[in-house]
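Notes follow the structure.
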Amino acid sequence: MGNDGGSIPGRKDLVREKPKEVKVDDTVLARSKGQLCSMTKERLKTPIAMCRTGLLYNKESVLKALLEKNIPNQFDHIKKLKDIRTVKFAENVTGAEFPLICPISKTEYNGLNVFLALWNCGCVFSEKAFNAIKGKENKCISCGEPYKAEDIINLNLSQKEQAPMRAKLVVDQTKKKKSSKEESKGESKPSKKVKLDEDQAAPVAQNILEKINEESDKYPKSNVYRSLFHKEHSIDEKKLMYLNVRHGIR
């Protein structure tokens, strides 16, 4: 390169520059939410599930990843089946660009129209329909099940809005896991030994000995047994040998 009568190298040929990051248009990302599974990027198909951050998944794909323990790092807030919830969408006509619509207003979920979901029952509808029909009783406008404010999930959050939510979910899961381990350890702790003073131990020991003696008196004692504790009941060694051989004791 150069100095051979050919072309002269420029700065671009000699200095390697970092490749520029390709920025995907926010509109393209938003529209993909209404078409593709967030984990596998396959087209959404029922049954569909959501997580607490408002992402949609093909439920079968999530179950498969959980069974194979192959959850991608960006979805580390999904650790078990309870971390997702099956959603109740209305399906669009066959062949439509966006497969899901609001069951009330028939608005397409294209990632740009704001949609809400209720975590407790899984019902999904457009934000406009929800605000127009909801009452003061906080009941689902589709199935009538009561809900709390924290049950409302926004399905149109950006990646920046989802990041702190995902981090908080991971922290809460870790705390719950630690507390459950501590509780299980507490339940399995051995019972503490009770220490008795000499004054307390003496009558207890006396009662135990009396019960042992009462039980032992119920059964007749052989000369061999008595010879173990009293000299007056000693037995001749030859006789003892005869008894051992007779009864198979060697």
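The values are calculated or read from the model by the stated rules, or taken from the named source; none is laboratory data. If you're wondering where the values come from, they're calculated on a predicted model, not measured in any experiment. Because the Cβ atoms are built from the backbone with ideal geometry, glycine has one as well, and the counts that use them run over all protein chains shown. These area figures cover heavy atoms from the full protein model, side chains too; ligands, DNA and RNA do not enter into them. Shrake-Rupley method; radii C 1.70, N 1.55, O 1.52, S 1.80 Å.
Summary of computed values
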{"read-out": "Gained length - residue 28 relative to residue 210, 0.36 nm times residue gap less alpha-carbon distance", "value": "56.6 nm"}
{"read-out": "Share of pairwise Cα separations in the stretch 50-113, more than 12 Å, in percent", "value": "72"}
{"read-out": "Accessible area of the stretch 22-129 divided out per residue, in Å², using a probe of 1.4 angstrom", "value": "53"}
{"read-out": "Most to least accessible of 27, 94 (protein chains only, probe 1.4 Å)", "value": "94, 27"}
{"read-out": "FRET efficiency estimate (nearest 0.05) - Cβ-Cβ, residue 69 to residue 106, R0 25 angstrom", "value": "0.05"}
{"read-out": "At R0 = 30 Å, FRET efficiency that the Cβ-Cβ distance of residue 149 and residue 175 yields, to 0.05", "value": "0.85"}
{"read-out": "Area accessible to solvent at residue 171, 1.4 Å probe radius, in Å²", "value": "70"}
{"read-out": "Cα-Cα separations in the stretch 134-177 greater than 15 Å, expressed as whole percent", "value": "60"}
{"read-out": "Heavy atoms of residue 166 accessible to a 1.4 Å probe, total area in Å² rounded to 10", "value": "70"}
{"read-out": "Residues with amide H under 5 Å from that of residue 104, placed H, sequence gap 5 or more", "value": "126"}
{"read-out": "For residue 88, distant residues with modelled amide H under 5 Å away", "value": "123, 124"}
{"read-out": "Enclosed volume per residue, in Å³, of the convex hull spanned by Cα atoms of the stretch 64-166", "value": "131"}
{"read-out": "Percent carbon-and-sulfur accessible area, the stretch 93-180, ignoring ligands, DNA and RNA, probe 1.4 Å", "value": "54"}
